[in-house]
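Novice: Just dropping this structure here.
The values are calculated or read from the model by the stated rules, or taken from the named source; none is laboratory data. Keep in mind it's a predicted model, so treat the numbers as computed, not measured. Cβ: placed from backbone, ideal geometry, glycine included. Neighbour counts: every protein chain shown.
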Amino acid sequence: MAAVEIHQFAECITCHAWSPDQSMIAFCPNNTEVHIYKLLADKWEKVHVLYKHDQIISGIDWSVNSNKIVTVSHDRNSYVWSQEASEWVPTLVILRLNRAALCVQWSPKENKFAVGSGAKTVCICYYEQENNWWVSKLIRKKHNSSVTSVAWHPNNVLLATTSTDGKCRVFCTFIKGVDKRDLGEGSSNDLKFGEQIAQLDLSVTWAFGVRWSPSGNTLAYTGHNSMVYFIDDVESSPSAQTLALRDLPLRDILFLSERVVIGVGFDCNPMVFTADETGLWSFVRYLDERKVAPTSSKGSQFSEALGKLYGQSKQSTSNDTVEPSKFRGGAHANCITCIVLLRRSAATTVKRFSTSGLDGKIVIWELDNSIDIQQPGYR
Amino acid sequence: MAEEGFLEVENLEAIITRIEQKSRKIESLLKQSKPVEALKTALEGSPLKTRDERCKSANWIVVHRAMMAIKDVDAMFSSLDPEYYDILMKYLYRGLATGDRPTCDQCLRIHEKLTERAGLGCILRSLADTVNTV
């Protein structure tokens, strides 16, 4: 079974993030506040409410090593929150935007963070010790529309973005005094801040949810035309694969490993994609039980067959009747907009991640890398 | 962009000639009662990139001719490869936009079966694509 915990925290959740030890979760219940919940005696309790923003918070990220929360909002500002004693203290980061901030992510070394915005720009923010101040540097060029998603390459310098102009771009974000020129092999060593390294023009419509694989060798993003794009070797010689989906488009994706990707979106049901030995990506299955109700109303041959199966199982054992009806709605009841990996210190094959969406639920999923992926599911 | 414009001027006549050839081929395929082959021929090499409405209408007339000749929709799908699904969906929406009763009837019949096979993703690809239009 894939969904291990389902929590109805709010009416609607725009984004969420986990504390470094995963004992706490921060999310925005579609307003100007960030709520932080903690697991106390088997119950999730609200322990902090962060208010400082004036408009809806569109992005939250919680750094693993420095334990800082960064939030961005439609009010065009960003705050970095650090914990002092039991309180969360905000520091304003002036992004210098004239449109809403849409997404945020800490860099792997956590000395920078990137903000995508509706102002066709990306802000790279870094801390200036001498002024005790977060500085925002803008990449103004190139984007022709809102930046919907940002993703850091593991080398802490390259940043991938997706935009509603349909393109996925990779930029160099090298900042003097913050980054060191020790990236090792070749190409990205002599690039300046804001320089575009690649532009992928695969989607003909809005692009969302860009992510790098753990090694940074593969880049993946989604299009609003129900497509997923996988690109290998973006910096040197990009080779792209596009995958057309049968169902509704995706909003966000997550690499569980180099060869396993989870996609979430308007189908309210996470999708598993895997690459075979030759690097060929394909859709494997839905993670949640497939909803039975909508297909049976169509009256097609397929659903008739499914209905027969369903009816038979109903007759054979009474216990079975409870199970399918329980999952008829699925874990999520509305579009999933955010997926976050849950880190585990113990070496295990089970991967955990959480999803949140417009239905206000946070669902924690478990996927056994070795077994679950290969299971034949409903298609 | 400039290169694209140049290509367009060069090829406009070539596109029209190609569609005329397609039209003759389709007529002969229909005479041999191979409607699915005719539809495939009509869909192949559709002028998607050009903005020229004359080319688009010319190709639509050809696709329409082949589409209206389809009698058995289920039989059509058993020999129509999935690679044609996305482009066929685009032409179905063009057909529905005409408002013509027999055309719409036929488009809706095919649309139902196509959605069953190709899913909602296919509809989204045809609606979201503003670059490759039919």
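Novice: Which of the numbered conditions does A:G166 fail, given that it passes all the others? Conditions: (1) outside any strand (DSSP E or B); (2) in contact (Cβ under 8 Å) with a residue 12 or more places away in the chain; (3) more than 26 Å from B:T115 (Cα to Cα).
Specialist: A:G166 satisfies every listed condition except (3).
Novice: Determine, yes or no, whether A:K141 is in contact with a Cys (Cβ under 9 Å, 6 or more places away or on another chain) and more than 23 Å from A:M24 (Cβ to Cβ).
Specialist: When the stated conditions are applied, A:K141 does not pass them.
Novice: For B:K90, are the conditions met, namely being surrounded by fewer than 19 Cβ atoms within 10 Å (Cβ to Cβ) and of a type in the set (D, E, K, R)?
Specialist: No: the conditions fail for B:K90.
Novice: May I ask you to say which residue of A:V89, A:V104 is aliphatic (A, V, I, L, M), over 27 Å from A:R251 (Cα atoms) and part of a strand (DSSP E or B)?
Specialist: Result of the check over A:V89, A:V104: A:V89.
Novice: Residues of the range A:19-57 being in a strand (DSSP E or B), over 18 Å from A:A331 (Cβ atoms), at pLDDT 90 or above and of a type in the set (A, V, I, L, M, F, W, C), which ones?
Specialist: A:M24, A:A26, A:C28, A:V34, A:I36, A:V47, A:V49, A:L50, A:I57
Novice: What strands (runs of 3 or more DSSP E) completely inside the range A:200-252 contain at least 1 residues that are within 19 Å of the chain's Cα centre (by Cα), facing chain B (nearest Cβ under 10 Å) and free of Cβ contacts under 8 Å to residues at least 40 places away in the same chain?
Specialist: Fully inside the range A:200-252 and qualifying: A:227-232.
Novice: Separate question: Write out, first by first residue and then by second, each pair whose Cβ atoms fall under 6 Å of each other, whose residues are 6+ apart or on separate chains, and whose first residue, in the range B:40-58, is over 29 Å from B:A75 (Cβ atoms) while the second is in a helix (DSSP H, G or I) and β-branched (V, I, T).
Specialist: Correct list of pairs: B:C55/B:I15.
Novice: So in the range B:93-134, with the set limited to residues that are within 19 Å of B:S46 (Cβ to Cβ) and of a type in the set (K, R), which one is surrounded by the most Cβ atoms within 10 Å (Cβ to Cβ)?
Specialist: B:R125
Novice: List the number of the failed condition for B:A58; all other conditions in (1) surrounded by 13 or more Cβ atoms within 10 Å (Cβ to Cβ); (2) within 14 Å of another protein chain (Cβ to nearest Cβ); (3) of a type in the set (G, A, S) hold.
Specialist: In the conditions (1) surrounded by 13 or more Cβ atoms within 10 Å (Cβ to Cβ); (2) within 14 Å of another protein chain (Cβ to nearest Cβ); (3) of a type in the set (G, A, S), B:A58 misses (2) alone.
Novice: Looking at (1) β-branched (V, I, T); (2) buried (at least 17 other Cβ atoms within 10 Å of the Cβ); (3) not in a strand (DSSP E or B), which is the only condition A:V64 fails?
Specialist: (2)
Novice: Among (1) within 14 Å of another protein chain (Cβ to nearest Cβ); (2) within 23 Å of B:R18 (Cβ to Cβ); (3) polar (S, T, N, Q), where does B:S46 come up short?
Specialist: Going through (1) within 14 Å of another protein chain (Cβ to nearest Cβ); (2) within 23 Å of B:R18 (Cβ to Cβ); (3) polar (S, T, N, Q) one by one, B:S46 breaks only (1).
Novice: Next up: Six or more apart or on different chains, Cβ under 6 Å: which pairs go from a residue in the range A:79-107 that's on the phi > 0 side of the Ramachandran plot to one that's at pLDDT 90 or above? Could you list them?
Specialist: Once the first residue is on the phi > 0 side of the Ramachandran plot and sits in the range A:79-107, its partners that are at pLDDT 90 or above give A:R96/A:S136.
Novice: Looking only at the range A:133-163, filter to residues that are assigned to a loop (DSSP other than H, G, I, E, B) and in contact with a helix residue (DSSP H, G or I) (Cβ under 8 Å, 6 or more places away or on another chain); which one of those is nearest to A:R96 (Cα to Cα)?
Specialist: The selected residue is A:V157.
Novice: Then there is this: State yes or no: is A:V89 crowded, with 22+ Cβ neighbours inside 10 Å and of a type in the set (A, V, I, L, M)?
Specialist: So A:V89 does not fit the description; no.
Novice: If you take the residues in the range B:37-51 that are over 12 Å from the mean Cα position of the chain (by Cα) and either surrounded by fewer than 16 Cβ atoms within 10 Å (Cβ to Cβ) or part of a helix (DSSP H, G or I) (or both), which one is modelled with the highest pLDDT?
Specialist: Once the filter is applied, the top-ranked residue is B:E37.
Novice: A further question follows. Could you list, in sequence order, the residues of the range B:76-134 that are in a loop (DSSP other than H, G, I, E, B), within 13 Å of chain A (Cβ to nearest Cβ) and either polar (S, T, N, Q) or free of Cβ contacts under 8 Å to residues at least 40 places away in the same chain (or both)?
Specialist: B:D129, B:T130, B:N132, B:T133
Novice: When you check A:E258 against the structure, is it of a type outside the set (F, W, Y), outside any strand (DSSP E or B) and within 23 Å of A:P108 (Cα to Cα), yes or no?
Specialist: So A:E258 fits the description; yes.
Novice: Of these, A:K120, A:K109, which one is out of contact with any Ser or Thr (no Cβ under 7 Å at 6 or more places or on another chain) and in a loop (DSSP other than H, G, I, E, B)?
Specialist: Within the list A:K120, A:K109, the selection yields A:K109.
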